[in-house]
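J.: Sharing a structure, written as structure tokens. Questions coming.
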Amino acid sequence: MNSPLIPPSPIETRKADHLRLCIEEDVQFHETTSGFEHYRFAHCCLPELDRTEIDLTSTFLGKNLAAPLLISSMTGGTELAQTINYRLADVAQKYKIAMGVGSQRIAVENPQLADTFAVRRRAPDILLFANIGAVQLNYNYGLAQCQKIVDLLEADALILHLNPLQECVQTEGDTNFKGLLDKIAKLCEKLPVPVIAKEVGNGISGKMAKKLIAAGVSAIDIAGAGGTSWAKIEGERAKDGKQRRLGATFADWGIPTAECIVNTRAVAPDILLIASGGLQHGLDAAKAIALGADMAGLARPFLQAAAESESALELLVEVLIAEIATVMFCTGCANLDELQHSGVLERLR
């Protein structure tokens, strides 16, 4: 951490602002929704199941999960972020679910902050994702830096997050996205761990999913619209009027999460697919899986619970698991494969 005599760097200040705004302020989409409200499960009044035997286990990138849940990438780089990451790692280890960390660029540029991300010793068995912005491949980042990020975390995979809108609204944003697809392809070829392409809340279309898969990514996190608006966050923290206006104008920009899942699965039936973006509870997670996702990611609910207490965080995970299991029981699905392929989810007209 910084000494009181050393002022925080701009990137540390930005990370602290992000945490504060996500925890305390209304930074959610308002007009654009996740799209899950357009779907309903067909209730089964006689499931012919023992609820205690419902199987939520799955595998993802070769690792076993007790439930198809991901603590989505959020934070790192500050003292509060370290506390939150440690709590998230503890609960991920206890309940055998997956976890991603926030962008690790700050740990590369400020090595003294690396420990705010170093959660592997607390969670030796979890599926753990490192994270860096794809655009940094155009700003002096390459294989060496990506390998360093993976090694720091002892990660099972590297998330490359795609955030063109956020970078446009961010006052100090990096906006040269030219030629990135080729660089992503080269990185996928050389990096010894799988690469996951992830949006940050504006969605990945079926068309872009095909291009990313052709480039070699092993999984896609569609991270659609309907949850936290990073345009709104960056607009809130902007110092000048132009950037604040941009954030307000594009606060609801993006492709709804449910639409992203359907369109991506239609063009890529075999790709490992993570659904995130506006999921609020286990019912949303179950809908995402029934639409074709392999794993459901949540961020803000985990962040708010982790900021409150360890017990609040454990309660959240237990509720999420109970909600998914209840959906499966009340639709007659004994396991996740049946939930995904039994046609129990209906689109409302």
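J.: Just name the residue that is surrounded by the fewest Cβ atoms within 10 Å (Cβ to Cβ) out of those in region 24-55 that are at pLDDT 85 or above and in a helix (DSSP H, G or I).
T.: Looking at the filtered set, the residue picked out is T52.
J.: Tally the residues that are surrounded by fewer than 17 Cβ atoms within 10 Å (Cβ to Cβ) and assigned to a strand (DSSP E or B), restricting the search to region 56-67.
T.: Total meeting the criteria: 3.
J.: For region 165-179, check the following and say yes or no: at least one residue is surrounded by fewer than 17 Cβ atoms within 10 Å (Cβ to Cβ) and without any contact (Cβ under 8 Å) to a residue 12 or more places away in the chain.
T.: No.
J.: Follow-up. Which of (1) under 23 Å from T57 (Cα atoms); (2) outside any helix (DSSP H, G or I); (3) among the small types (G, A, S); (4) touching a Lys or Arg at 6+ places or on another chain (Cβ under 8 Å) does A251 not meet, given it meets every other one?
T.: (1)
Results for (1) open to solvent by less than 40 Å² (accessible area, probe 1.4 Å); (2) over 22 Å from I274 (Cβ atoms), shown as yes or no for each residue.
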| residue | (1), (2) |
| --- | --- |
| K211 | no, no |
| G216 | yes, no |
| R237 | yes, yes |
| D240 | no, yes |
| T257 | yes, no |
| T264 | yes, no |
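J.: Among the listed residues A123, A157, identify the single one that is among the hydrophobic types (A, V, I, L, M, F, W, C), within 25 Å of K210 (Cα to Cα) and either modelled with pLDDT of 95 or more or buried (at least 17 other Cβ atoms within 10 Å of the Cβ) (or both).
T.: A157
J.: Those residues that are open to solvent by less than 10 Å² (accessible area, probe 1.4 Å), hydrophobic (A, V, I, L, M, F, W, C) and over 13 Å from L316 (Cα atoms), I need them from region 286-305; list them, please.
T.: Scanning region 286-305 gives A286, A288, I289, A293, M295, A296.
J.: Separate question: Look through A134, A107 and report the one residue that is closer than 29 Å to L65 by Cα, surrounded by 21 or more Cβ atoms within 10 Å (Cβ to Cβ) and modelled with pLDDT of 95 or more.
T.: Working: A107 fails: modelled with pLDDT of 95 or more.
A134 is the lone residue from the list that is closer than 29 Å to L65 by Cα, surrounded by 21 or more Cβ atoms within 10 Å (Cβ to Cβ) and modelled with pLDDT of 95 or more.
J.: Inside region 263-288, can you point out the residues that are among the β-branched types (V, I, T) and either touching a Cys at 6+ places or on another chain (Cβ under 7 Å) or within 13 Å of D221 (Cα to Cα) (or both)?
T.: Passing the criteria: T264, I271, I274.
J.: To continue, here is another question. Being open to solvent by 10 Å² or more (accessible area, probe 1.4 Å) and in a helix (DSSP H, G or I) is the filter here, so list the residues in region 68-95 that pass it.
T.: E79, L80, Q82, T83, Y86, R87, D90, Q93, K94, Y95
J.: Considering G332, G343, which residue is over 22 Å from K96 (Cβ atoms) and touching a Pro at 6+ places or on another chain (Cβ under 8 Å)?
T.: G332
J.: Suppose we keep only residues that are assigned to a loop (DSSP other than H, G, I, E, B) and surrounded by fewer than 19 Cβ atoms within 10 Å (Cβ to Cβ) within region 139-153. Which one would you say is farthest from the chain's Cα centre (by Cα)?
T.: The qualifying residue farthest from the chain's Cα centre (by Cα) is N140.
J.: So, in region 191-208, how many residues would count as being under 18 Å from L61 (Cα atoms) and of a type in the set (A, V, I, L, M)?
T.: Selection size over region 191-208: 5.
J.: While we're on this one: Take region 181-190 and flag every residue that is open to solvent by less than 40 Å² (accessible area, probe 1.4 Å) and either of a type in the set (D, E, K, R) or more than 21 Å from the chain's Cα centre (by Cα) (or both).
T.: A185 - this is the single residue of region 181-190 that is open to solvent by less than 40 Å² (accessible area, probe 1.4 Å) and either of a type in the set (D, E, K, R) or more than 21 Å from the chain's Cα centre (by Cα) (or both).
The values are calculated or read from the model by the stated rules, or taken from the named source; none is laboratory data. Keep in mind the model is a prediction, meaning the values are calculated, not measured. Methodologically, a virtual Cβ is constructed for each residue, glycine included, from the backbone with ideal geometry; neighbour enumeration extends over all protein chains shown. Each accessible area value is taken on the protein alone, full model and side chains, heavy atoms only, with ligands, DNA and RNA left out. Shrake-Rupley method; radii C 1.70, N 1.55, O 1.52, S 1.80 Å.
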